[in-house]
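Chemist: Have a look at this one.
Bear in mind that the values in this text are calculations on the coordinates, not laboratory data. Note that the structure is a prediction, hence the values are computed from the model and not measured. Methodologically, a virtual Cβ is constructed for each residue, glycine included, from the backbone with ideal geometry; neighbour enumeration extends over all protein chains shown.
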Amino acid sequence: MHWFGETRDNYCPAWFDAMAQAFPERWRAMKGSEPSAVLLKRAPTPERVAVIISGGGSNGPFIPGFVGEGLADAAVVGPPYTAPSAYALYEAGKAIGGEKGVLLLYNNFMGDYLNNDMADELLRLDGYRVAQVLCCDDMGTAIGESRENRGGRIAIAYLIRIAARAAAEGKSLDEVAGLLRKAEARTSTLCVSVDPLDDRVTFGKGISDEPGFKTLEKATVAGAAEETVRLLVEDVKPRPGEKVHMLVNRLRLTSYSDSFVMAGYLNDALKRRCDAAQMRVGGYMQVTDTYGYTVTLLCADDEIAPYLAGEPTCGDGFLL
Amino acid sequence: MNRADISALKRAMITAADDIVAAEPELTRIDMVIGDGDHGIGMKTGFTALKRELLANDYESPYALFHACGLCLVKSMGGSSGVLFGTLLIGGLEAIRGLDSLDGTEMCAFLGGGIDAVIRRGKAKPGYKTMVDALLPAKAHMEQMLRDTTAVGPIMRAAEAGALGGVEATKSMLPRLGRSKNFRENAIGWPDPGAISVSVLFGGMAKELSK
């Protein structure tokens, strides 16, 4: 990032502006909320519940790569690693919010909560319907504490897909938010970082590289996959009638081919332990320079399952 | 002053903004010891923008004036302080919708609503060494004073007195939230900068509304 150090305040607005220049058919950038930045879906759908995703800037493709048809209606980010301002969220809500209301969907961090909650109040004062859904899937954070103390990771990718499909069906704000809260409560994500030179695997590193909670020495790819799935299944505890979806997200230093080979082992391990549904693999969110992957499980009952079934949704550089 | 009209409220917020800007060196000095040192600068940035906003615009109601003030802080400050001071000015707006001036009862309902909203949103409990420790006694003092008078001047003075008492009380508290919790025992003896800012804000408003 140091190469861009001098332009930090303008980094995210410049980023979104260039995205809109590169793919004007898909996106437009909204100005006026600097140093936060707002990216909107090109073709607005005001007859549906509007879905706004947000968080600290500078990852990828999450957050802005998840804006588009079949995904979110807007992305709002703050400067790198900083929550967006409530003002930017409010402006985005006014730009895309219609009769059906605005859904604020974000990962559970204090700054993101404060600013989304404030934007919620500002939009309500202007007469909009608003709901918030927080994603708390990172099992490596707040171990032994209740779910609302966990940070969010990448289960939000599934929630974005569910929200878009439910909104497109014409569901109300309360119905969409209810589906998302139900799905969210049945997710768990584990970060598995690997030191490939001495075969050391660390489980549970945080999104800002906070230390993990468990290390395996001299681990094989299969052994790491087995332990990953064991830890996740133990955490999320699939119930009878639930089918388990798995999202394998490669971290930045992991190659395209390596990630699929790893995912194959993970899928085998999942099938041995529970009623596995569909696996998806991609580079959805790449934060730190780490070799390894994050794995997300979502236990879907009959109500949630249809929203994950069918053709994959196409985002910027990933299939979901 | 019994009732504050729009121009009195505007003057009150401008005076408060000047006082916050003047308090910046003191806020920064304390926050350098027990926080990350950015509280004073953030407040100065926000209230400089707030004064500019007030001087450049006219408002049709106290609601519109405080809405613009809150939004201005949220937009210009960022971070937690921007949201929380914005919440203080926005969270109680429903109580004054439709009014063209405020007496002490209405001011107490407006600020009390904002104080409740800050507590709800910020998740700080009393005794955590935060702005809440100035806000709650300010609210209690206002409610107490309402038994004697409904004039806006004395009510605002009561808010200031309550907040100042709260600032004093934060000196002996251990920080429980935010960055300054990392300083723990070193923070004993120092007041909370957020609590000081509340007392300066209410004091500036009181100065104008007591005239």
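Chemist: Counting only residues 5 or more places away or on other chains, whose amide H sits under 5 Å from the amide H of A:Gly101 once H atoms are built in the peptide plane?
Modeler: Those lying under 5 Å, H to H, from A:Gly101 are A:Ala50, A:Arg129.
Chemist: I would also like to ask the following. Given axes a ≥ b ≥ c from the Cα gyration tensor, I'd like to know whether region A:114-204 is rounded (a/c under 1.5), prolate (a/b larger than b/c) or oblate. It would help to have the intermediate numbers written out before the result.
Modeler: Values: a/c = 2.87, a/b = 2.03, b/c = 1.41.
Prolate.
Chemist: What is the Cα coordinate range of region A:187-300 on the first, second and third principal axes, sorted by size from largest, in whole angstrom?
Modeler: Computed over the Cα atoms, the extents are 40, 24, 24 Å.
Chemist: Mind checking which of A:Ala225, A:Val194, A:Val244 is farthest towards the positive end of region A:183-245's charge dipole, using Cβ charges of +1 (Lys, Arg) and -1 (Asp, Glu) about the Cα centre?
Modeler: The residue sitting most towards the positive pole is A:Val244.
Chemist: Let me ask something else about it. Pop out the ³J(HN,Hα) list for region A:282-290 in order, Karplus 6.51 cos²θ - 1.76 cosθ + 1.60 with θ = phi - 60°, rounded to Hz; leave Gly and Pro as x.
Modeler: So the Karplus estimates, Gly and Pro as x, are x, x, 8, 8, 10, 9, 9, 6, 10 Hz.
Chemist: Can you pull the mean other chain C-beta count within 10 Å for peptide B:71-81?
Modeler: 5
Chemist: With a cut-off of at most 14 other beta carbons within 10 Å, and DSSP calling the residue loop, which GluC sites (Glu not before Pro) in region A:198-231 qualify? Please list them.
Modeler: Here the GluC sites (Glu not before Pro) that fit, given the DSSP loop and packing criteria, are A:Glu217.
Chemist: Would you kindly derive the ³J(HN,Hα) couplings of region A:94-109 from the backbone phi angles with the Karplus curve 6.51 cos²θ - 1.76 cosθ + 1.60 (θ = phi - 60°), listing them in order in whole Hz, with x for Gly and Pro?
Modeler: 5, 6, 10, x, x, 4, 6, x, 10, 9, 9, 10, 7, 7, 7, 10
Chemist: Using a simple charge model, +1 on the beta-carbon of Lys and Arg, -1 on the beta-carbon of Asp and Glu, nothing else, what dipole does chain A show about its Cα centre, in debye to the nearest 20?
Modeler: On the way: 34 positive and 43 negative charges, 98 e Å.
Here the size comes out at about 480 debye.
Chemist: What percent of all Cα-Cα pairs in the protein assembly as shown falls in each 10 Å bin, counting up from 0?
Modeler: 4, 18, 26, 23, 17, 9, 3, 0
Chemist: Next question, about the same structure. Per residue of region B:135-151, in order, report the coupling 6.51 cos²θ - 1.76 cosθ + 1.60 (Karplus, θ = phi - 60°) as ³J(HN,Hα) in whole Hz, putting x for Gly and Pro.
Modeler: Once rounded to whole Hz, the list reads 5, 5, x, 4, 5, 4, 5, 4, 5, 4, 5, 4, 5, 9, 7, 10, 6.
Chemist: OK, next. Restrict the search to region A:218-320; then list the trypsin sites (Lys or Arg not before Pro) that DSSP places in a loop and that have at most 16 other Cβ atoms within 10 Å of their Cβ. Write down the numbers at each step before the final one.
Modeler: Details: sites: A:Lys218, A:Arg230, A:Lys243, A:Arg250, A:Arg252, A:Lys271, A:Arg272, A:Arg273, A:Arg280; in loops: A:Lys218, A:Arg252.
Taking region A:218-320 and a limit of 16 other Cβ atoms within 10 Å, the loop trypsin sites (Lys or Arg not before Pro) found are A:Lys218, A:Arg252.
Chemist: Another question, then. Could you list which residues have their amide H under 5 Å from that of A:Val287, counting only those 5 or more apart in sequence or on another chain, with H placed in the peptide plane?
Modeler: Sorted by chain and number, the residues that satisfy this are A:Arg252.
Chemist: Rounded to whole Å and sorted largest first, list the principal axis extents of the Cα atoms in region B:4-209.
Modeler: 47, 38, 27
Chemist: List the GluC sites (Glu not before Pro) within region A:80-135 that fall in a DSSP loop (any state other than H, G, I, E or B) and whose Cβ has at most 12 other Cβ atoms within 10 Å.
Modeler: A:Glu99
Chemist: A follow-up question, please. Just A:Ala142, A:Ala167, A:Ala37 to compare: in a GNM of chain A, with alpha carbon springs under 10 Å, which one fluctuates most?
Modeler: Highest fluctuation of the listed residues: A:Ala142.
Chemist: Ok, one more. Taking square-rooted eigenvalues a ≥ b ≥ c of the alpha carbon gyration tensor, is region A:1-72 rounded, prolate or oblate, where a/c under 1.5 means rounded and, failing that, a/b exceeding b/c means prolate?
Modeler: Verdict is prolate for region A:1-72.
Chemist: Positive end of the dipole of chain A, charges at C-beta (+1 Lys, Arg; -1 Asp, Glu), about the Cα centre: which of A:Trp15, A:Cys299, A:Ala177 has its Cα farthest in that direction?
Modeler: A:Cys299
Chemist: Counting each DSSP H run of 4 or more residues in chain B as -39500 (n - 2.57), what helix-only mean residue ellipticity at 222 nm follows after dividing by all residues, to the nearest 500 deg cm²/dmol?
Modeler: Value at 222 nm, helices only, nearest 500: -23000 deg cm²/dmol.
Chemist: Net charge around B:Gly166, counting only other residues with Cβ within less than 12 Å of its Cβ (Lys, Arg = +1; Asp, Glu = -1)? Can you show the working numbers first?
Modeler: On the way: positive: B:Lys129, B:Lys139, B:Lys171; negative: B:Asp133, B:Glu160, B:Glu168, B:Asp192.
Combined, the nearby Lys, Arg, Asp and Glu give -1.
Chemist: In debye, nearest 20: dipole of region A:2-184 around its Cα centre with unit charges on the Cβ of K, R (+) and D, E (-)?
Modeler: 420 debye
Chemist: Under the definition of partner shielding as Cβ atoms of other protein chains within 10 Å of a residue Cβ, what is the mean value for peptide A:85-92? Can you show the working numbers first?
Modeler: On the way: counts 9, 11, 11, 3, 1, 3, 1, 0.
Per-residue shielding by partner chains comes out at 5.
Chemist: For the protein assembly as shown, give the share of DSSP beta bridges that are antiparallel, in percent and rounded to the nearest 5; count only bridges with both residues there. List each step's numbers first, then the result.
Modeler: Numbers: 34 of 57 bridges.
The antiparallel fraction comes to roughly 60 percent.
Chemist: Continuing with the same structure: Once you have a ≥ b ≥ c as the square roots of the Cα gyration tensor eigenvalues for region B:98-167, tell me rounded if a/c is under 1.5, and otherwise prolate or oblate according to whether a/b is larger than b/c.
Modeler: In terms of gyration-tensor shape, oblate.
Chemist: Still on this model: Excluding A:Glu25 itself, what net charge comes from residues whose Cβ is under 13 Å from its Cβ, given Lys and Arg +1 and Asp and Glu -1?
Modeler: Net of charged neighbours comes to +2.
Chemist: Please report, to one decimal in angstroms, the Kirkwood hydrodynamic radius of region A:2-184 built from all distinct Cα-Cα pairs.
Modeler: Numbers: mean 1/r = 0.0621 Å⁻¹.
Its Kirkwood hydrodynamic radius stands at 16.1 Å.
Chemist: Would you mind ranking A:Ser259, A:Ser188, B:Ser61 so that the residue whose beta carbon has the fewest other beta carbons within 10 Å leads the list?
Modeler: Least crowded to most crowded, the residues run B:Ser61, A:Ser259, A:Ser188.
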